[in-house]
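The values are calculated or read from the model by the stated rules, or taken from the named source; none is laboratory data. Just so we're clear, the structure is a prediction, and the values are computed from it rather than from any experiment. A quick note on method: Cβ atoms are made from the backbone with ideal geometry, for glycine too, and the neighbour counts reach across all protein chains shown. SASA here: full protein model, heavy atoms, side chains in, ligands and nucleic acids out. Shrake-Rupley method; radii C 1.70, N 1.55, O 1.52, S 1.80 Å.
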Amino acid sequence: MVEHRWSLSTLVFSVAFIIVVSYSAQSLALKHSSRFLGKFAATGTHFEPPQFLYETRYFQQRLDHFSFSELPTFPQRYLISTDHWVGPQRLGPIFLYCGNEGDIEWFAQNTGFVWEIAPQFGAMVVFPEHRYYGESIPFGSAKEAYKDATTLSYLTAEQALADFSVLITDLKQNFSAKDCPVVLFGGSYGGMLAAWMRLKYPHIAVGALASSAPILQFEDIVPPETFYDIVSNNFKRESSTCFNYIKQSWDEITSTGQTYNGLERLTKTFNLCQKLKSTVDLYDWLESAYSYLAMVNYPYPSDFLMTLPGHPIREVCKKIDGVPAGTNILERIYEGVNVYYNYTGKEKCFELDDDPHGMSGWDWQACTEMVMPMSSNQDSSMFPPYEYNYTSFQEECLNDYGVKPRPKWITTEFGGHDIHATLKKFGSNIIFSNGLLDPWSGGSVLQNISESVVSLVTEEGAHHIDLRPSTQNDPYWLVEQRETEIKLIEGWISDYHQKNKAIFDM
């Protein structure tokens, strides 16, 4: 079936992430806490009218699937559509998207691929929400659920996978669909969950499409500088002068901030609504923009995170490089970052602390089991140099939550080391799709492992672009990639039916 890496030159491709900056008089260092796109998908976010029709339901989930204590249940929200399902008599498949770290409606609206292929498969579509996010909050309220380490202790990937498995088992029973095959989908953290669920619950699902899923971004499996190197290369490939301006800007921000009225000057230069309190805040604001730009460096205009043009990094660098001679570095940087934060031109000024989403459960997850080491290399990165320091990270988690991270737990629970040998022996029916422009691709599986555990890699793809709704501007390689994914999923379902028929005939 597949003998070589599925490069799009011959075949077909594929929460974001928050950077926290710590500052001292002598040095600048980045303290990296991984986040995917959940920042843009929390309760309270304004959503456009849904493109896809579904019914919203709630399922009472156990708080702890791994004990027999009588604990309170909580309502897990899920979105469901049976509009195109051919029913249990024809063994119509069930497409289940593994909910990410945010409001499930946002992920549903940005996962058009699942909705678009459901009719041709005659599939039911289910989008369960991840516990502790959106409306799926234990203990009656977010305030209570996020109160302390005791109430947060049930927020884990293992519990979330159990939620999905219990929910789909109950749905299949209620729909008399016991023999209907389940196919998993997920992007980013959701892609990690989809891959892990296929491995941990192979009797629940026949296969998984794990898009932009950095399941190897743990311990020392990949170099810690990988993420920032990919972000930096995205800018360097567009313009080496743009790369250099950004690289030089950090020292310029620091030196300006240390001068008399320096923070006021920076506030004016970057058109901030409130006076800048620290250069740390400006660092965070700029670095978040660069990282998100790399993730959504799509070849067509999009409204995924912000309203952006196609090839947004190219447009940013055009702005940075294209200002009149004599323009200082910080004015250049402002012109560039304005593409990300204000492409529509509607923003009069910028709020650095504008966070309508409230508390994030991902901070807890990053401080417990989702420990993804990050660093920045002085030579290859456009960001300030930083060496990953687990000791300081542990201290921060102890201060914030009173817990010590368990950096080896994910690889113990789900694997990661010697992934090729492990998945070749024990894995099947998983697609790892990645675009090499996506900074998370460096922590994913980029080579075929077996005939049924395959890697779809595109040179020009960004963060789970294959799962996004199709557009008239989709490049040919993206169209071909999705066609290949459809063929693979068809194969999983066909194999499932053939094996079931053989068992029935016996």
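Give, rounded to the nearest 20 debye, the magnitude of the charge dipole that the range 225-342 has about its Cα centre when Lys and Arg contribute +1 at Cβ and Asp and Glu contribute -1 at Cβ.
So the magnitude is around 220 debye.
When you count, for each residue, the other Cβ atoms within 10 Å and take the mean per peptide, how do 277-283, 199-205 rank with the highest first?
Output ranking for 277-283, 199-205: 277-283, 199-205.
Quick one: of the DSSP bridges fully inside the chain, what percent are antiparallel, nearest 5?
That works out to approximately 40 percent antiparallel.
Counting only residues 5 or more places away or on other chains, whose amide H sits under 5 Å from the amide H of GLY207 once H atoms are built in the peptide plane?
LEU184
Where nothing but the Cβ of Lys and Arg (+1) and of Asp and Glu (-1) is charged, how large is the charge dipole of the range 416-506 around its Cα centre, in debye to the nearest 20?
360 debye
Could you give each residue of the range 54-65 its phi-based ³J(HN,Hα) in whole Hz, using Karplus coefficients 6.51, -1.76, 1.60 with θ = phi - 60°, and x for Gly or Pro?
Residue by residue, the range 54-65 yields 7, 9, 9, 10, 9, 10, 6, 9, 5, 6, 10, 7 Hz.
Express the accessible area of the chain per residue in Å², computed with a 1.4 Å probe while the remaining protein chains stay in the model.
Roughly 42 Å² per residue, with all protein chains present.
Test of understanding: what is the full-extension gain from GLN89 to ASP64, defined as 0.36 nm times their sequence separation minus their Cα-Cα distance?
So the chain would gain 5.6 nm between GLN89 and ASP64.
If packing is taken as the mean number of other Cβ atoms within 10 Å per residue, what is the order of 487-499, 70-82, 454-466, 224-236, highest first?
Highest mean packing first, the order is 454-466, 224-236, 70-82, 487-499.
At a 10 angstrom cut-off on C-beta neighbours, averaged per residue, how do the peptides 366-379, 424-437, 243-256 rank from highest to lowest?
My ranking of the peptides, most packed first, is 424-437, 366-379, 243-256.
With the dipole of the chain worked out from charges on the C-beta (+1 for Lys and Arg, -1 for Asp and Glu) around the Cα centre, which of TYR476, ILE117, GLN51 lies farthest toward the positive end?
Working it through, the farthest residue towards the positive pole turns out to be ILE117.
Residues with amide H under 5 Å of VAL453's amide H, sequence separation 5 or more or different chain, H placed in the peptide plane at 1.01 Å from N; which?
Amide H to amide H, under 5 Å and 5 or more residues apart or across chains, VAL453 pairs with ASN429, ILE430.
Based on alpha-carbon centroids, what's the gap between the range 76-154 and the range 439-462 in Å, whole number please?
Measuring centre to centre over Cα atoms gives 25 Å.
How many percent of the accessible area of the range 225-342 is carbon or sulfur, using a 1.4 Å probe?
That fraction is 45 percent.
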